[in-house]
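The values are calculated or read from the model by the stated rules, or taken from the named source; none is laboratory data. Everything numeric in this text was worked out from a predicted model, so none of it was measured. Every residue, glycine among them, receives a Cβ derived from its backbone with ideal geometry; neighbour counts consider all protein chains shown. Each accessible area value is taken on the protein alone, full model and side chains, heavy atoms only, with ligands, DNA and RNA left out. Shrake-Rupley method; radii C 1.70, N 1.55, O 1.52, S 1.80 Å.
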Amino acid sequence: MQKICVVGLGYIGLPTAAVFARAGFDIVGVDVNKQVVERLNKGEIIIEEVGLPEVVKEVVDAGKLRASLEPEAADVFIISVPTPIHEDCTANVEYVRSATKAVVPHLEKGNVIIVESTIPPRTMDDVVAPIIREAGFDPEKDVYLAHCPERVLPGRILIELVENTRIVGGLTKEATTKAADVYRQVVTGEVLETEAVTAEMSKLMENTFRDVNIALANELTKIAARLGVDAHKVIELANRHPRVNIHQPGPGVGGHCLAVDPYFIVEKAPEEALMIQLSRDINNSMPDFVIEQIIKLTAELKEPRIALFGLTYKGNIDDVRESPAIEIVEKVLANPRFDVRVHDPHVRNEQVPFPLSSFEEAITDANLIVILTDHNEFKALDPQALIAKMDTSVIFDTKNCSGLEQEAALTVHRIGDLTNLQAIHVNKPINN
Ligand SMILES: NC(=O)c1ccc[n+]([C@@H]2O[C@H](COP(=O)([O-])OP(=O)(O)OC[C@H]3O[C@@H](n4cnc5c(N)ncnc54)[C@H](O)[C@@H]3O)[C@@H](O)[C@H]2O)c1
């Protein structure tokens, strides 16, 4: 069985390593984070992903997966390190560069090197290949270089790693085939072959498509607020057209994919990527739109107690990267008029720079709950519990997920339907 060295053991690299290990490959997982390496060698993980703890324990116990701080010789190298953006929204490919450099001393002719990290167009040609060349290898003959972007959905990673269609783009045709054959040993979905730059661009356009469409829904929400229309109803009705699929509005777009990848295209073609840039701007404006509504809702309260529910960029995960909820929480916390409680059942205190509250603490005496993430826990809120504990039972649901209905004792505002939004002005009598 082939040996694979997976460099970067995060949300992508670790499940990838585990899936290949489960299929019988010998895997060495490499990470620069000592804690990740130490814990993994005990069969433990530090991220939340459905089913992953069990699979990792199984393959570590079976001796198929072990972790190390340094790469070592292998048949295949898979690089899955972060590709964030700099302050100026340009791509930071330094992690990819340093992971490639770390692999180079262990390379042998005939090895396959696959970059799974999401990368700007031409990164394989302009960043990765030159490092290989500098090390004395011909990147088009001696080794097989390919990009295989990842398109899994957090929460379903172990399923989608196996079942999704994969795109593999090599620097040469042979590299494409060699890399595609690696995936064909574990993937039940199709493995589509192309060249590197097309694979790079395809991945970026998948996320850009979604970002642009969410921006359209968010723009509709703002228009609807101005015109007194229910955007949720508009979307529901318009989507009954057989070829229309308007996305859902929300408090902004987060995660290190949708909120980041479009910039990789803007950076390379700023004069052409106008709609892509504008969509980023619209989605980036949503946290302030949410805060505007919070300010309107609480305008008549002296020291409103606000419970902010949810910090992650999507529901039922623990990932807070680029989350618009974090921006909203920080801005609300910075307003001295607000007495704020933050609650997220999926996030640990050490992940964020502010204290978290339990559900009970958060709702007790609250004037307003703002739902920022569609965790299952927030989809099933018990209205009676809220009415009993809150000071004024008002909900602002920015994900349109709560299932709570407007009733005499409970006011529910949804982000796309702000027509009846009024300042909260009545406090319940004490001891009620
Ligand atoms: N998470 C997702 O849902 C997802 C989906 C599609 C694509 N991607 C892409 O996959 C790539 C990895 O994302 P992620 O979510 O797994 O990131 P992550 O931050 O969860 O994990 C990356 C890991 O790489 C390690 N690392 C950094 N530099 C290293 C180096 N030089 N050598 C070894 N280890 C190093 C970090 O310590 C970390 O553990 C990114 O390019 C991302 O855009 C992620």
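Please compute the alpha carbon radius of gyration of segment 185-341, then divide it by the globular-protein estimate 2.2 N^0.38 Å. Two decimals is fine. Don't skip to the end; give the middle numbers.
Values: Rg = 18.6 Å, N = 157, 2.2 N^0.38 = 15.0 Å.
So the Cα radius of gyration is 1.24 times the expected 2.2 N^0.38 Å.
Computing the accessible area with a 1.4 Å probe over protein heavy atoms, can you report the carbon and sulfur percentage for segment 3-202? If you can, show how the numbers build up before the last one.
Numbers: 4140 of 8220 Å².
It is 50 percent, rounded to a whole number.
Going down the table (Lys109/Lys314; Lys101/Lys268; Lys296/Lys389; Lys3/Lys57; Lys3/Lys203), which pairs top 31 Å between alpha carbons? It would help to have the intermediate numbers written out before the result.
On the way: Lys109/Lys314 42 Å; Lys101/Lys268 24 Å; Lys296/Lys389 23 Å; Lys3/Lys57 19 Å; Lys3/Lys203 27 Å.
Too far apart for the 31 Å limit: Lys109/Lys314.
Taking only the alpha carbons of segment 51-143, what extent do you get along each of the three principal axes, in Å, biggest first?
Each principal axis gives a Cα extent; for segment 51-143 these are 40, 37, 19 Å.
Go through segment 352-368 residue by residue and turn each phi into a ³J(HN,Hα) via Karplus (6.51, -1.76, 1.60, θ = phi - 60°); whole Hz please, and just put x for glycine and proline.
10, x, 9, x, 10, 10, 6, 4, 4, 4, 5, 7, 4, 6, 6, 8, 8
Report the antiparallel proportion of the DSSP beta bridges in segment 88-226 as a percent, rounded to a multiple of 5.
Values: 2 of 11 bridges.
Within segment 88-226, antiparallel bridges account for around 20 percent of the total.
List the aspartates and glutamates whose Cα lies under 13 Å from the Cα of Lys178, skipping any in the same chain that are fewer than 8 positions away.
Asp75, Glu140, Asp142, Glu193, Glu195
Mind pulling up the Rg/Rh value for segment 3-202? Radius of gyration and Kirkwood radius, both on Cα. Please report the intermediate quantities before stating the final value.
Values: Rg = 15.6 Å, Rh = 16.6 Å.
Reported Rg/Rh (Cα atoms, Kirkwood Rh): 0.94.
Accessible area per residue of the chain at 1.4 Å probe, in Å²? Working shown, then result.
Details: 19180 Å² over 432 residues.
Here the residues of the chain average 44 Å² of exposed surface.
Quick one: Karplus J couplings for segment 138-152, per residue in order, coefficients 6.51, -1.76, 1.60, θ = phi - 60°, nearest Hz, x for Gly and Pro?
Taking θ as phi minus 60°, the curve returns 7, x, 9, 10, 6, 10, 10, 9, 8, 10, 10, x, 9, 9, 6 Hz for segment 138-152.
Can you give the accessible area of Cys89 in Å² (nearest 10), computed on protein heavy atoms with a 1.4 Å probe?
Surface accessible to solvent at Cys89 totals approximately 40 Å².
Mind jotting down the distance between the C-alpha centroids of segment 375-429 and segment 209-278, whole Å?
Measuring centre to centre over Cα atoms gives 25 Å.
In 5 Å bins starting at 0, how do the alpha-carbon pair distances of segment 286-414 split up by percent?
Over segment 286-414, the share of Cα pairs per 5 Å bin runs 2, 11, 24, 27, 22, 11, 3, 0 percent.
Taking every DSSP beta bridge that has both residues in the chain, what percent is antiparallel when rounded to the nearest 5? Don't jump to the answer; show the numbers that get you there.
Working: 5 of 48 bridges.
Roughly 10 percent of the DSSP beta bridges within the chain come out antiparallel.
Within segment 298-349, report the trypsin sites (Lys or Arg not before Pro) that DSSP leaves as loop and that have at most 15 other Cβ atoms within 10 Å. Don't skip to the end; give the middle numbers.
Numbers: sites: Lys302, Arg305, Lys314, Arg321, Lys331, Arg337, Arg341, Arg348; in loops: Lys302, Lys314, Arg321, Arg337, Arg348.
Within segment 298-349, the qualifying trypsin sites (Lys or Arg not before Pro) (loop, at most 15 other Cβ atoms within 10 Å) are Lys302, Arg337, Arg348.
On a C-alpha basis, how far is the centre of segment 16-51 from the centre of segment 92-147 in Å? Whole number, if you could?
Centre-to-centre (Cα) distance: 23 Å.
Over the Cα atoms of segment 1-114, compute the convex hull volume and normalise it per residue, giving Å³. Don't jump to the answer; show the numbers that get you there.
On the way: hull volume 11.5 nm³, N = 114.
It comes to 101 Å³ per residue, whole-number rounded.
Kirkwood Rh and Cα-based Rg: tell me the resulting Rg over Rh for segment 84-198, rounded to two decimals.
Values: Rg = 14.4 Å, Rh = 14.7 Å.
Ratio of gyration radius to Kirkwood radius for segment 84-198: 0.98.
At q = 0.09, 0.13 Å⁻¹, what is the log10 ratio I(q)/I(0) for the chain, with the Debye formula run over Cα points and no solvent?
Rounded to two decimals, the profile gives -0.63, -1.12.
Connecting C-alpha atoms closer than 10 Å in a GNM of the chain, tell me which of Val143, Val260, Val115 has the biggest fluctuation.
Top of the fluctuation ranking is Val143.
Relative to the Cα centre, what is the charge dipole magnitude of the chain, using +1 at the beta carbon of each Lys and Arg, -1 at the beta carbon of each Asp and Glu, and rounding to the nearest 20 debye? All intermediate terms of the calculation are to be shown ahead of the outcome.
On the way: 43 positive and 65 negative charges, 96 e Å.
The calculated dipole for the chain is roughly 460 debye.
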